[in-house]
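The values are calculated or read from the model by the stated rules, or taken from the named source; none is laboratory data. From a predicted model like this one, the values you see are computed outputs, not experimental measurements. Note: ideal-geometry Cβ built from the backbone for every residue, glycine included; neighbour counts use all protein chains shown. Only protein heavy atoms, including side chains, enter the accessible area calculation; ligands, DNA and RNA are left aside. Shrake-Rupley method; radii C 1.70, N 1.55, O 1.52, S 1.80 Å.
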Amino acid sequence: MKLTWFDANSWLVEAANTRILVDPWLIGDLVFGNTSWLVRGYRPDAITPPGDIDLILLSQGLADHAHPETLDALDKSIPVIASPDGASVAQSHGYTTVTAVDHGGTIYLGPLGDGLGETSADTATLKLQTFIGAPVGVTKKENAYVLTFLETGNSLYYEPHGYPDADHLKALGAVDVVITPMADITLMGIAPVVNGKRVAPKLAELLTPQVMLPTAEAGSAQYDGLMAGAIKSSGSAEDVRSQLKQKGLDTRVINPKPRETIQLDLKAAAPVSS
């Protein structure tokens, strides 16, 4: 399995001859609505979107997960799987094959023409399961995902805000790779935006992954605007690594650099029979 972190919540997952682009913000500024005066994310250097993408996976419909300018730049024929809000954003930007998935859903995917298409469990190469993710607003909760590459049996968990669906995840058993926040991000040190410091070690105990990687961090991205100074971060991958060592867990914590592709040498897993 190969992973490339593009900053913030944006990842390229490559496994079993499949390339999945997750929550991409690659082009232009990151602005919520038309409030660039409030907070604006920007990059010192442009990122060229990767080619030959088989699937776009969106966990949320907010701009830092379903980034409008990036979605405009990508091929609209790439299949998209997304939370209901993310699916609405993708459809509004002209994507032709969009599947909205809610919590508790399972989709089997395989090579059907360009990209990945839904198929039966018997012919699938990828199993995608949806879990409860981050709360957005008062009542809405977005998505977390577990991807299982059926030919190798290796699996990956992704949720970008640190809100694990522990009641349902514990039924999975071990997951090989976990991408989760490892720092806390708050507004003015009070209102939580991302939970990482306490949640990441609990996920390690719950899913016993071989490898964990942090997400939602700024990396090379920079922020300005009225609220930028109120965004506070505490905790780190190194803190989580230390906590796991104290707990006697042998999970490897890798802190990626933006745009660096990491080759994960995972222990072999038994192929999953659908």
Assigned charges on the beta-carbon of Lys, Arg, Asp, Glu; the stretch 118-274 dipole about Cα centre (debye): 420
Leading residue at positive end of dipole, the chain (Cβ point charges), from Val199, Ile107, Leu169: Val199
Shape call, the stretch 151-274: gyration tensor on alpha carbons, a/c limit 1.5: prolate
Shape metrics for the stretch 69-116, restricted to C-alpha atoms - Rg then Dmax, Å: 11.1, 31
Of the trypsin sites (Lys or Arg not before Pro) in the stretch 196-240, those whose Cβ has at most 15 other Cβ within 10 Å and which sit in DSSP loop: Arg198
Taking all pairs of distinct alpha-carbon atoms in the chain, Kirkwood radius in angstrom: 18.8
Carbon/sulfur fraction of accessible area - the chain, other protein chains in place, 1.4 Å, %: 51
Loop-located trypsin sites (Lys or Arg not before Pro) in the stretch 104-196 whose Cβ has at most 16 other Cβ within 10 Å (DSSP): Lys170
Cβ-Cβ FRET estimate between Asp114 and Phe32, R0 fixed at 45 Å, reported to 0.05: 0.90
Kirkwood Rh and Cα Rg combined as Rg/Rh, the stretch 88-151: 1.03
Cα gyration tensor shape of the stretch 34-190, rounded if a/c is under 1.5, else prolate or oblate by comparing a/b with b/c: oblate
Estimated [θ] at 222 nm from DSSP helical runs (n ≥ 4, -39500 (n - 2.57)) normalised by residues in the chain, nearest 500: -3500 deg cm²/dmol
The stretch 210-254 and the stretch 1-55: distance between their alpha carbon centers, rounded to Å: 18
Accessible area in square angstrom per residue, the chain, 1.4 angstrom probe: 44
Rg(Cα)/(2.2 N^0.38 Å) for the stretch 145-194, N = residue count: 1.41
